[in-house]
Structure formats: C-alpha cells, structure tokens
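Following: one structure in structure tokens, then a few remarks.
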Amino acid sequence: MTDVQPKATIVIFGATGDLAKRKLFPSIYKLYQKGKLSEQFAVVGVARRPHTDESFRHYVKETIEEATKQELIDDTFISHFYYHSLDATNTQSYEQLNELLTHVEEQFHIPGNRIFYLAMAPEFFGTITSHLKSEGLTTTNGWTRLVIEKPFGHDLQSAKKLNEEIRQSFSEEQIFRIDHYLGKEMVQNIEVIRFANAIFEPLWNNRFIANIQITSSETLGVEDRGRYYDHSGALRDMVQNHMLQMVALLAMEPPIKLTTDDIRNEKVKVLRALRPVTHDEVDQYFVRGQYGSGIVRGQKVIGYREEHNVDPTSNTETFVAGKLLIDNFRWAGVPFYIRTGKRMTEKSTKIVVQFKDVPMNLYYGTSEHVHPNLLVIHIQPDEGITLHLNAKKSGENMKTTPIKLDYCYNCIDGINTPEAYEKLLYDCMRGDATNFTHWDEVAASWSFVDPISEVWANTEATDFPNYEAGSMGPKKADELLQKDGFHWWPLSPNM
Ligand SMILES: NC(=O)C1=CN([C@@H]2O[C@H](COP(=O)(O)OP(=O)(O)OC[C@H]3O[C@@H](n4cnc5c(N)ncnc54)[C@H](OP(=O)(O)O)[C@@H]3O)[C@@H](O)[C@H]2O)C=CC1
Ligand SMILES: O=C1O[C@H](COP(=O)(O)O)[C@@H](O)[C@H](O)[C@H]1O
C-alpha cells in the first residue's frame, strides 16, 4: 500500500462500452497527469468489436479529449494502450490475451501485477473469472486483482451465486467491488467529520440526534439504460448500495484503527442492525414512486413509461423514500430517512443531521418554533459542510436568529476534487480495499432490501406514475416524515 506510483497492467473487459469511455479512460489519464502512475503501466482493452491497437488508441484519445475538454495528450501516454478483441465466452481467446499481457509486461517492465476490471454486464462475471483462472491469466509473478462493477446480483440469492462463482478464482482480498459513492470526496469525509472533531462524537447518538436525512436526487431520467433499469428500479440501483453505504458510514462505531478490516467490520455491524422490514410493514416504512411527464430545468420531458426500452405498463419504481431504524444502543429510536429518485427538481446529494431541540425554550415566544441545530454534509454538486446554529439578533434585546457556519470545498480556488473513479482506481492499484464493499456488506444490504422488492414486485402500483418529472417525488414521501413530526429539509444550495 505504500507504492505511490503503482506498476500494473489494467485489463478492461468492456473497453468499448459507456463506463470505460466516460469514467475509466479519463480517470486513468488524470492519474497519469498527476504523476500517480509511473511509466510502468499499461491498459489492455477487451471487447468483441474489432480494433487494432492504433484504432483503439485513437478512440481512447478522442474519448478522453471529449470527457476532459482538453486538447490532448501526450502520445507517450496513449502508447501504453493495447486492444484485444475477444468474446468473453470463448476460451481460446484468453490464451492470446495472456500472450499479449506477457508482451506488454516485458515492454513496460511491469512486474506481473494485473487488474482485471469487469466493466460488463454481470451475467459475464462468472464466465470471465473462471476463464481467467483456467487459462492461467491469474498466475503471474506479481499480484492480481478483480474489480467488479455493480449490480452485484439482483437479490441475496443471485448475489450469493455470483459471489460463489467469483470466489472459485479470486479470494475475497483480491476482489474489489466498486461502489462509486465511496470514492466521493465528501462521502469519505463523513468519517473524518465524525471522528476527528471532539464536538460531534459526544452528540452522535439517540440522546442528541432527532433524525438523519439522506437525499440523493437526480434530474436525469433513465437515458439509454431503460433495459437494465426497468428490471432493477431505484431500490436496487441506488438504495441497496449507495444509500445504505452512506447510512453505514454515518451510523458506525469508531473503528479501532483506520484499517480496511476494522472499518468494514464496523460498517457491516450497522447493516446487520438495520431493523428488518417485514412484508406487512413495507407500506408503513417505504414509499415508491414513478415519474410521469413534466418539466425539468425548463425542459419538457416524457414520463418513465414512455422511455426507450421501458415496458409501457411498467411497475418499476424510479423513486424510493424510506424510514430506517437501527436497533443498537447508539441509535435506538432515531429514524434515518432516505430518499432517492430520477427526474426530480435538482441534482443533489445531501445529508442533514437534525439535532434534538434544547430542553427549554428560553428565547422564543411560545408560539414560535425553535430552530433546530443542523449539520449538513453537502456531497454533490457542492461539496462542504454547514452547521446551522442560533445566535443573538443584532441590536435586538436577546432575540435570536438562525446563523450558518459554512465550509465549501469546491468553492476554494485550486481545490478540484478528483472524480470518484479516479480515486478508486488508484486505491485498487495500491491494494487499498477500504472504499470497496466487502461481501458481508453486500449480503447484509440485500437481506434488508429483499422483502421490500418482493412486496413491490407482487403488488401492482395502481397510482403510477405518481410524481411529476421536476418535482420532489410523491406526496406520500412527505407524509412518511410528517407522521413522526418531521419534514424533509430543503436541498437548496444555501441550506
Ligand atoms: N455506464 C455507467 O454509467 C455505469 C455502468 N455500470 C456498470 O458497468 C458495467 C458496464 O456498463 P456500460 O459500460 O454502461 O455497458 P455497455 O453496454 O455500454 O458496454 C458493455 C461492454 O461489454 C462488451 N461486451 C458485451 N458482450 C460481450 C462479450 N460477449 N464479450 C466481450 N465483450 C462484450 C461491449 O463491447 P462489444 O459490443 O464491442 O463486445 C461493451 O464494451 C455494467 O455492469 C453496468 O451496470 C455501473 C455504474 C454506472
Ligand atoms: O450507480 C448509479 O449512480 C448514478 C448516480 O450517480 P451520481 O454519482 O451521479 O450521483 C445513477 O444515475 C445510476 O442510475 C446508478 O446506476
């Protein structure tokens, strides 16, 4: 983990696909630009489409220029890229791939370290990993690691099956399951805000916190991913992974040390302590929604059921709100509200920690509401923290006014926080799995989510579509909090 300029070959399965184009190639380029890669690296792209090394290099160059809006690029960088056309189901082709890898390792003096990045549909994961092992690609003088994209399964049963297949060829320590939210600057900051500040940790429990709200809203619809999304829905696409990971980071106990295992162990304890939602309770704790047509950022947009590759009678949810309870000493009785959806008013991910009111209201007239203290963690697009307090109103005798202490990361000149994929790729190259999900976390998350998706799959949502594109979701999502005497805090930038 100490190697700041790791030496490795990154083999990208799915190199002609969307993820490689938009995220992986630009991230590798940024790492190179920042001096985080030595000259001892290579990238081998793998997919079925025919390409020569030259045409692939041209394609990569163009995609990086497009993504980074930069006039590229150093031909030396591009000369580290190679291509191998392969059908993932064809055994013979893996032998040739192995020969190519050996060749590039010689060429760039790479000590046999290989990352196999599976940027492909999950149905190929088992086949690819078994071929990598049987054809000897995992037998090298260096280390080998496997990066797996989401979705990791469709439910607990399919995730277990997938895990068993992969584990035939790679050990848990070699498997890096990507959750790109764990690469976001402010998600990584949750631990630091909590554990490096004496003022928060004593208050971080059910005696002082009234509720915690996590919202991840998008303005985009399903774009060209209708085929995948219509079989997934927001619960599997966002809640099972990203939203529950944020809950785990907010709720976990301080780890004994900042090691991968210690942190993951604490996160998994939270996921296991989530109070299961039984089939009968789903309506009480969870709300689903699907967008109809509407106006998003001034543009008229179609409803979900009209989207390409979506069933016109689809029952798939594009919005989820839920109330989660964590049955342990620290959190008993504190609701964690989560909300995520497509085609909402704005693109924003925010966490609001609402503290309990002061025990006695000295400063307000009885008819006035006390302003609760809030800690807002801005994940994106703005990155920072805001603490909402009360202070004396200037000039007025002992009247109070709400004030804010703000720290904005990406407002400061010179700070341009790296893309999540850039950080995660670099972590993987250095062998740091802290910000990747362990199998135990994946399993616990599916166990929590499965009963909810079972009920939703078996009951028609007669009110769909139940929110207008460009809104903040169905009314029932507001009622979920109103029942407990709370409301969603707004997402506006000045929150
Ligand atoms: N795109 C995104 O923003 C995100 C994607 N993901 C995940 O990443 C993975 C890839 O997604 P994405 O890039 O969007 O998918 P795409 O459909 O854009 O790309 C799929 C890739 O797989 C290749 N491929 C398909 N079949 C075969 C085969 N039999 N043998 C070899 N190669 C094959 C395709 O190339 P060819 O046709 O040339 O063979 C293509 O390069 C998925 O698991 C997805 O869920 C996760 C988060 C975000
Ligand atoms: O994993 C996914 O995340 C994106 C949202 O990611 P963000 O970094 O833009 O917040 C979501 O659009 C996509 O459906 C989902 O698969």
Counting only backbone N atoms under 11 Å from a point 7 Å out along Cα-to-Cβ of residue 258, the residues of segment 179-207 in range are 189, 191-193, 195-196
per DSSP, antiparallel bridges as share of beta bridges in the chain, % nearest 5, sits at 55
Here, trypsin sites (Lys or Arg not before Pro) of segment 235-295 satisfying both criteria (DSSP loop; at most 15 other Cβ within 10 Å) are 257
Mean shadow area (nm²) of the C-alpha convex hull around the chain is 25.6
Stretched fully, the stretch from residue 73 through residue 38 gains (0.36 nm per residue minus C-alpha distance, one decimal, in nm) 11.0 nm
Ordering 341-349, 63-71 by per-residue average of other C-beta atoms within 10 angstrom, highest first, gives 341-349, 63-71
Measuring from the longest principal axis of the C-alpha atoms of the chain, the long axis of helix 156-167 (C-alpha) lies at a number of degrees, nearest 10, equal to 30
FRET efficiency (residue 280, residue 127; Cβ distance; R0 41 Å; to 0.05) is 0.55
CD proxy, 222 nm, the chain: helix-only mean residue ellipticity via -39,500 (n - 2.57) per DSSP H run with n ≥ 4, per residue, nearest 500, stands at -9000 deg cm²/dmol
Rounded to one decimal in nm, the spacing of the 7 Å Cα→Cβ label points at residue 492 and residue 228 is 3.6
To the nearest 10 degrees, the tilt of helix 53-68 (Cα long axis) against the first principal axis of the alpha carbons of the chain is 20
The simple spin-label model distance between residue 399 and residue 346, using points 7 Å out along Cα→Cβ, in nm, is 2.8
Expected sort for 60, 268 with the fewest Cβ neighbours (10 Å cutoff) up front is 268, 60
On the formula 1/(1 + (r/R0)^6), with r taken between the Cβ atoms of residue 173 and residue 141 and R0 of 22 Å, the FRET efficiency rounded to 0.05 is 0.75
Expected unfolding gain across residue 476-residue 302 under the 0.36 nm per residue rule, minus the alpha-carbon gap, is 60.4 nm
With 0.36 nm assigned to each residue of separation and the Cα-Cα distance removed, residue 58 to residue 458 gains 139.1 nm
Rounded to 0.05, the calculated FRET efficiency for the beta carbons of residue 330 and residue 430 at R₀ = 30 Å is 0.40
The pairs in 30/69; 21/347; 150/347; 36/150; 393/483; 21/267 lying past 24 Å Cα-Cα in this model are 36/150; 393/483; 21/267
So the angle from the long Cα axis of helix 185-195 to the longest Cα principal axis of the chain, reported in degrees to the nearest 10, equals 60
For the pair residue 313 and residue 411, the simple spin-label estimate (label points 7 Å beyond Cα toward Cβ) gives in nm 5.2
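Every read-out reported here was derived from the displayed coordinates using simple, explicitly stated rules and does not represent laboratory data. Just so it is clear, the model here is predicted, and its values are computed rather than measured. Methodologically, a virtual Cβ is constructed for each residue, glycine included, from the backbone with ideal geometry; neighbour enumeration extends over all protein chains shown.
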